[in-house]
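Undergrad: Following this message is one structure expressed as structure tokens.
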Amino acid sequence: MTTFGAQFLRYPDLFPARAGGERWGDASFVVDLPGGPYRVNGLSPEQYAAMAERYDGYQAEPSIVASFESELFASDSSDFLGVPHPQWEYSLELESTPAGLRVAGLDFMARIGFDSGTGGAVWTSEGRQSHFIGVIENFLRVAAAHRIAASGAALIHSSGVSVAGKCVLFVGHSGAGKSTIASLAAARGHEVLSDDLNVVSRGERGWQAIRMPFAGDFQSTACRNEFPLAAIVRLRKGPDHALAPLLQGECFSLLLSSAPFVNADANRVSALEDTLLRLVSDVPAWTLTFRRDEGLWPIIESL
């Protein structure tokens, strides 16, 4: 049996059992995201600057009470293994227990607790702004995905596009066209929430799509915005434009496969499944077959 963290850690058996170690510095940064706010303590000035630049529109006042507190500790670069080969596809390694998670990735390892009064801890060798932000964003993505699911919402791999003030959420397997749709939408003047990860949440006004800073080509420091969720659209590329209803069961399976980290966590997936069952019962879903031209927009704008 492979030891957890062996593909990233030189000494995986020495994975820290609890939060502790030498801090990078004394700075703290609070990110206001669904499931939070999230506070990261122990930052160096360079690490703080990296977070301030990346999450500018999501930064909360230092005095705010954070729902999730995490501590940042320094590790030696020799604790971590590098990229094994140029064609290697990066994927975090996670281990779930009823109390929390262990996470291992390039240049970092982390613990995330979900019991009352627990938080997170990150150990990294990266202090450089350009490299550290990748470490902390990977950590925040995992923590946020789980906390969002526990709150009755869901973080979904998707492209969210605002059409007439409402969000159309585009989903599909890798290569289905989510980034293509985002590019076409921006060129047409539609606002793109994120072309990578968006939150869906049900409130007093019904289902909402919530902008997240986790994005691909459409990185934004805009403040968090909520948009009424008009439709869920599965994307397929084809020779002609066509729109067809998507069955609830198919939509549920697609959304579950598009909910990162939590969908593979046997200790926490049931809450996510309950949320997605409610979502597909309430929000219309479609399959859009499209080619890359302007002819698809009358279809989308009619949803």
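Undergrad: So what are region 107-223's ellipsoid semi-axes, whole angstrom, largest first, if each one is the square root of 5 times an eigenvalue of the alpha-carbon gyration tensor? The partial results should precede the final answer.
TA: On the way: eigenvalues 153, 76, 26 Å².
For region 107-223, the ellipsoid semi-axes come out as 28, 19, 11 Å.
Undergrad: Which of the listed residues, M109, S44, Y11, is farthest toward the dipole's positive end in the chain, when Lys, Arg count +1 and Asp, Glu count -1 at the beta-carbon?
TA: Looking along the dipole axis, the top candidate is M109.
Undergrad: A follow-up question, please. Please compute the contact order of region 154-300 in relative form: average sequence separation of alpha-carbon pairs under 8 Å and at least six residues apart, divided by the residue count, as a percent. Please report the intermediate quantities before stating the final value.
TA: Details: 291 pairs, mean separation 39.0, N = 147.
About 26 percent, as a whole number.
Undergrad: Using each residue's phi in region 151-157, evaluate 6.51 cos²θ - 1.76 cosθ + 1.60 at θ = phi - 60° and report the 3J(HN,Hα) Karplus result to the nearest Hz, with x for Gly and Pro.
TA: Residue by residue, region 151-157 yields 8, x, 10, 8, 9, 10, 5 Hz.
Undergrad: With no solvent and one point on each alpha carbon, what is the Debye value of log10 I(q)/I(0) for the chain at q = 0.07, 0.11, 0.15 Å⁻¹?
TA: With one equal scatterer per Cα and no solvent, log10 I(q)/I(0) is -0.28, -0.69, -1.19.
Undergrad: Give, in whole angstrom and from largest to smallest, the semi-axes √(5λ) of the equivalent ellipsoid of region 154-300, with λ running over the eigenvalues of the Cα gyration tensor.
TA: Numbers: eigenvalues 100, 63, 42 Å².
So the three semi-axes of region 154-300 are 22, 18, 14 Å.
Undergrad: Percent relative contact order of the chain, based on C-alpha pairs within less than 8 angstrom and at least six residues apart? Spell out each step's value before the answer.
TA: Values: 614 pairs, mean separation 45.8, N = 303.
Computed value for the chain: 15 percent relative contact order.
Undergrad: Moving on to the next point. Quick one: of the DSSP bridges fully inside the chain, what percent are antiparallel, nearest 5?
TA: Working: 46 of 66 bridges.
Restricted to the chain, the bridges split so that about 70 percent are antiparallel.
Undergrad: Express the relative contact order of region 12-150 as a whole percentage, based on alpha carbon pairs under 8 Å and six or more residues apart in sequence.
TA: On the way: 237 pairs, mean separation 33.9, N = 139.
About 24 percent, as a whole number.
Undergrad: Which whole number in µm²/s is D for region 210-267 by Stokes-Einstein, with the Kirkwood Rh taken over Cα pairs at 20 °C and 1.002 mPa s? Walk me through the numbers before you get to the answer.
TA: Details: Rh = 14.7 Å.
Here the translational diffusion coefficient equals 146 µm²/s.
Undergrad: Then there's this: Could you please tell me the mean projected area of the C-alpha convex hull for region 1-126, averaged over all directions and given in square nanometres to one decimal? Intermediate results must be reported in sequence, preceding the final value.
TA: On the way: hull surface 36.0 nm².
Reported value for the Cα convex hull: 9.0 nm².
Computed from the coordinates by the stated procedures, all read-outs in this text should not be read as laboratory data. What you see is a predicted model, and the numbers here were worked out from it, not measured in a lab. As a convention, Cβ positions derive from the backbone with ideal geometry for all residues, glycine included, and neighbour counts pool all protein chains shown.
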